[in-house]
1. Mind listing whichever residues of region A:318-371 are of a type in the set (Ser, Thr, Tyr) and in contact with a strand residue (DSSP E or B) (Cβ under 6 Å, 6 or more places away or on another chain)?
2. Any residue in region A:64-93 that's on the phi < 0 side of the Ramachandran plot: show its pairings with residues that are loosely packed, with under 15 Cβ neighbours inside 10 Å and assigned to a loop (DSSP other than H, G, I, E, B) at Cβ separation under 7 Å, as long as the two are six or more apart or on different chains.
3. Scan region A:157-188 for residues that are in a helix (DSSP H, G or I), more than 10 Å from every other protein chain (Cβ to nearest Cβ) and in contact with a helix residue (DSSP H, G or I) (Cβ under 8 Å, 6 or more places away or on another chain) and jot them down.
4. Name the single residue that is nearest to the chain's Cα centre (by Cα) among those in region A:311-357 being among the basic types (Lys, Arg) and within 25 Å of A:LYS52 (Cβ to Cβ).
5. Inspect region B:25-32 for any residue being among the hydrophobic types (A, V, I, L, M, F, W, C), assigned by TED's automatic domain parsing to the domain that holds B:LEU176 and within 20 Å of B:GLY164 (Cα to Cα) and give the result as yes or no.
6. When you check B:HIS138 against the structure, is it at the interface with chain A (Cβ under 7 Å from one of its Cβ atoms) and out of contact with any Leu (no Cβ under 8 Å at 6 or more places or on another chain), yes or no?
7. It is to be established whether one or more residues within region A:32-44 are closer than 25 Å to A:ALA335 by Cα, of a type in the set (A, V, I, L, M) and in a loop (DSSP other than H, G, I, E, B).
8. Which one of these is under 30 Å from A:ASN350 (Cα atoms), surrounded by fewer than 15 Cβ atoms within 10 Å (Cβ to Cβ) and either within 24 Å of the chain's Cα centre (by Cα) or not aliphatic (A, V, I, L, M) (or both): A:THR60, A:THR36?
Amino acid sequence: MEVYIAGKGIISAIGLNVDETLQSLRAGKSGIGNQTNLSGRRDNHLPTGEIKLSNAELATMAGLSAEYSRTALLSMIAAKEAMADSGIHINGLRTGFISATTVGGMDKTEQFMTSYIRDGEFKNIEQVLYHDSGAATELVAEPLGIKHFVSTISTACSSSANSIMYAARLIKTGVLDVAIAGGADAMSLFTLSGFNALMILDENYCTPYDENRKGLNLGEGAGYVVLVSEKVAERLLKAPTVKLTGYANANDAFHQTASSPEGKGNYLAMQGALKMSGLETTAIDYINLHGTGTANNDLSEGMAIQRIFGEQVPKSSSTKAFTGHTLGACGGIEAIFSIMAIEQKMIFPNLRLKTPMKELSFAPVTELMEGVEVKNVLSNSFGFGGNCSSLIFSKVN
Amino acid sequence: MELYIKGIGCISPQLTYDNSVFLPEIKKHSGNRMMCIEPDYAPYFEAGSLRRMSRVVKFSAGAALIALKDSGVTQLDAITTGTGYGLLENSEKFLKSMAESTGPVLSPTSFIQSTHNTVGATIALITGCNAHNNTFSHKGFSFESALIDTRLLAVEGATNVLVGAHDEISEKTFALMEKLHVFRNNEDAEIKAYEKGGNGVVAGEGAAFFILSATKGEGDYGILVDNAIFYNPESTIEVKELIEEFLERNKVGLENIDVVISGINGDAKSDILSHEINHLLFAHQTIVLFKHLCGEYMTASSFGFWLAAKMLIAQQIPESVILKNRHRRPGYILLYNVFQNDHSVMLLKAC
């Protein structure tokens, strides 16, 4: 049983939809910059991959209330684009919405809590109503017309890779015909302060896989794919060109926030995905790296890649230099980049990489490559708690 | 695919952590919340790591380790968990330091342990389990999704899966929900009061974990036949039809159901549909309630699942949970839970 990609939708610092995103990727235009939407804490000076629209502007785009969390607004915009792109009418099809997030409604909660903790006053308490992760999913599911099957995954930075995987498994086992899967995360002071406390934020624009990398920049956004069964794929007006051929979820079981030096979980996730796809390592044309830009992640991921691919590491890049690290959304956003690489015959550059890491025998691509045959893409998402997941997207022959 | 319940571990507002007893006496909680009765964790964790764990991590990882020990299983093929709100206490702690601290950088400890997957990750660390590890966080479908994940894993070839759920009552979030009039006092904790219902619910918390296995063995508690989720049904009739379809797909007639575990939570308004379903479908079944024991929370259905497992192996229904029709013995049990727009069913049977 194959699972096909019938539609995609994306919003991030480099574009409000698929077309804008492609233009930015092609032009090498990064979305990292000074942030303007958040206020109230000193971590504000740190550069981020922020979407330069207010909640009110996003709410208009989404067709939802501006009172909802920014996560819900971003989720709605990308999920709506993905559904429209697929051209699917869900009537009569068992359709699920599988989302993912790490912050949920924290952007609203933190505004309330800061004044509540300081003054003990319950001012604007309605801001906490949509705090939990599932709230954003349900706010989006209803206008999408989804009945019965909704869920949300929260496994830190691998969340939306896992939601895509879960959706594919539900289709393969016949539980669903169609699934909109991916994830969304909004910028929040909570995550910005947290990552700053961990001292893994770069005060300048991040440089993933560079010998002198200093850490990550946070980003925000949402990315969703519409996954369909073979049966549904056959009936589509627009025949799918990409399918999901491999995936695996593994746990590093090493430390709550750090990866094992040899990247055991990373290795198991990539290896598992390759095994399911039945592909030789040489068949992978491009790896969309997790590549956060922290010393720890890039080394563990790089070591695990070397262990799997040996001397023949495929072309690779981290697109987080474009978008920042979008946490629970990155698996969804980078799934879209992986699919675009296949569709557009392109490999996107790892921006700002000057000095390749000395521990590694390979270095990511630094210039845009166009007109290259990309048949199989491996996309990595690794998170806190040792949660490691890999997806493989393949061109439909 | 049917799954065998091999081990259980439950830490809740009742004395449930000791698997050798079955609700020996009911702990009455006064006020508007019920908090966990916790065991001595010394046998389960190293002293150093125990000190670093927040309360929910202790009672959740504790419940998971109780289940693991109970099952005798040594090799897990996956760990999958559900949590509605995640790690509230640690999130609040970090928010507090954000609001109050004036230093250049905050302490990251509470932030590190604030992600929803902290409990699943902690269990993976303790058991050295590199396998599939998932955390679902979706209101009244958090535990339900983890169960669906488990059933998919079994179809895909997994033998033993640790599945569970957890939610905690935390000081600040509780104060906010109290202000939003979500809760009411538990002055009358009798089951009959839950039938009548009042205005609001009694807050609860807890963790329940299970070892579900594809292989049958001696001493299994019971069998999970199937489970399903129904988001946002429009009417009682739609729910009735969905439950009938669910039973039909499992080839179980309504008359075969002996016990219905109902998620009635004592809030008259939100219980209307559950009462109607009991009236329409289950007039002859033994109706069992559980939220008068554990309170209401997003993953309370995992306590209901624990109750089902205990009833199946004991072949007995404690007096304290029966709402009506006490004559049936538990062969087939249907759990029907409602949390806001999230309706779910689980079908279990005796071995």
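1. Applying the first criterion (of a type in the set (Ser, Thr, Tyr)) to region A:318-371 yields A:318-319, A:323, A:326, A:338, A:355, A:361, A:366.
Hits for region A:318-371 are A:THR323, A:THR326, A:SER338, A:THR355.
2. Partner pairs satisfying both residue conditions: A:ILE90/A:GLY145.
3. Within region A:157-188, A:SER160, A:ALA161, A:ILE164 meet the criteria.
4. Initial filter on region A:311-357 (among the basic types (Lys, Arg)): A:315, A:320, A:345, A:352, A:354.
When the remaining residues are screened for being within 25 Å of A:LYS52 (Cβ to Cβ), the result is A:320, A:352.
On the way: A:LYS320: 10, A:ARG352: 21 Å.
Ranking the qualifying residues of region A:311-357, first place goes to A:LYS320.
5. Quick first cut of region B:25-32, residues among the hydrophobic types (A, V, I, L, M, F, W, C) only: B:26.
Subsequent filtering for residues that are assigned by TED's automatic domain parsing to the domain that holds B:LEU176 retains B:26.
Cutting the leftovers down to within 20 Å of B:GLY164 (Cα to Cα) gives us none.
Scanning region B:25-32, I find no residue that is among the hydrophobic types (A, V, I, L, M, F, W, C), assigned by TED's automatic domain parsing to the domain that holds B:LEU176 and within 20 Å of B:GLY164 (Cα to Cα), so the answer is no.
6. Numbers: at the interface with chain A (Cβ under 7 Å from one of its Cβ atoms): yes; out of contact with any Leu (no Cβ under 8 Å at 6 or more places or on another chain): yes.
Taking the combined requirement at face value, the residue satisfies it.
7. Pass one, region A:32-44, residues closer than 25 Å to A:ALA335 by Cα: A:32-33.
The next check asks that each one be of a type in the set (A, V, I, L, M); those that pass are A:32.
Retained after the next criterion (residues that are in a loop (DSSP other than H, G, I, E, B)): A:32.
Checked region A:32-44: at least one residue is closer than 25 Å to A:ALA335 by Cα, of a type in the set (A, V, I, L, M) and in a loop (DSSP other than H, G, I, E, B).
8. Working: A:THR60 fails: under 30 Å from A:ASN350 (Cα atoms).
Of A:THR60, A:THR36, the one residue that is under 30 Å from A:ASN350 (Cα atoms), surrounded by fewer than 15 Cβ atoms within 10 Å (Cβ to Cβ) and either within 24 Å of the chain's Cα centre (by Cα) or not aliphatic (A, V, I, L, M) (or both) is A:THR36.
The values are calculated or read from the model by the stated rules, or taken from the named source; none is laboratory data. Not measured: the values here are computed from a predicted model. Cβ: placed from backbone, ideal geometry, glycine included. Neighbour counts: every protein chain shown.
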